[in-house]
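Here's the structure, in structure tokens; my notes come after.
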Amino acid sequence: MPVALDAEHTMTTDAPDFSDQPIGGPNSGVKKRRRLPRWAVGAIAAFIALFVGVSIGNSADPTDSAEYRELADRLETATVEHEQTERDLDETRSALAETTDQVATLQADLEDAQGAADVALADMEAHRQALDQREAELDERAEELDTRRADLDDREGAIANREEAVTVAEQEAEARPRAAASAPAAPASVSYRNCSEARAAGAAPVRRGDPGYASHLDRDGDGVGCE
């Protein structure tokens, strides 16, 4: 059963001294109660039980000693610290579990984002390939248009040459009647025995209808003699 502690009674024992020790370095001068590890709580309790047994064997009241009160105080402090440590451990475990869940969530979000990025990259690559193919088709069509344009230019040039030839021929055809009308009429009795006489008279070539024209001067029958 619980035993009351009496501060007026003291006794001497060989129990170890667990008095406060200075912390913070040899020159700090500040004393602070150390936090005992878990095993120290059981050790102190066992030592108190042993101390009580020894004191009972000596027929003395163990609760009257200052060492007993010191040990009891340290046991109570160690118990409180142990409970606080357990609470701290529980809080740490809870925080660790929450952090683990957050890390798992972030990892899942990262994997989702990576998947979305991969899909976006695949879409961009497909779009780029489609653009490349479209550009190749446009280049091919441009080459075809260039070829057709060159053919049209050649045809237009040929047509222009033909039109120019036709224009020249028309102008020559129009000039011949005017030249024939402006030339003085030769005497009707003009005749040439051969082309030498026609050339000597300055009448060569002699065309059909001109004075002095005769079939013997136009051997090929094209209407022009003494060509």
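Tabulated values for the structure
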read-out: Subset of segment 198-227 (residues that are among the acidic types (Asp, Glu) and surrounded by fewer than 16 Cβ atoms within 10 Å (Cβ to Cβ)); value: ASP220, ASP222, GLU227
read-out: For LEU152: the one exception among (1) at pLDDT 85 or above; (2) surrounded by 10 or more Cβ atoms within 10 Å (Cβ to Cβ); (3) in a loop (DSSP other than H, G, I, E, B); value: (3)
read-out: Segment 201-222 residues that are under 19 Å from ARG176 (Cα atoms), paired with ones that are among the aromatic types (Phe, Trp, Tyr) and surrounded by 14 or more Cβ atoms within 10 Å (Cβ to Cβ) (beta carbon under 6 Å, 6 or more apart); value: VAL206/TYR213; GLY212/TYR192
read-out: Condition check for ARG69: under 30 Å from ALA43 (Cα atoms), surrounded by 10 or more Cβ atoms within 10 Å (Cβ to Cβ) and touching a residue at least 12 places away in the same chain (Cβ under 8 Å); value: yes
read-out: Any hit, segment 190-208, residues being acidic (Asp, Glu), modelled with pLDDT of 85 or more, assigned by TED's automatic domain parsing to the domain that holds GLU227 and in a helix (DSSP H, G or I); value: yes
read-out: Flag if ALA97 is assigned to a helix (DSSP H, G or I) and free of Cβ contacts under 8 Å to residues at least 60 places away in the same chain; value: yes
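The values are calculated or read from the model by the stated rules, or taken from the named source; none is laboratory data. It should be emphasised that the depicted structure is a prediction, and the values quoted were computed from it without experimental measurement. Ideal geometry is used to build each Cβ from the backbone, glycine not excepted, and the neighbour counts take in all protein chains shown.
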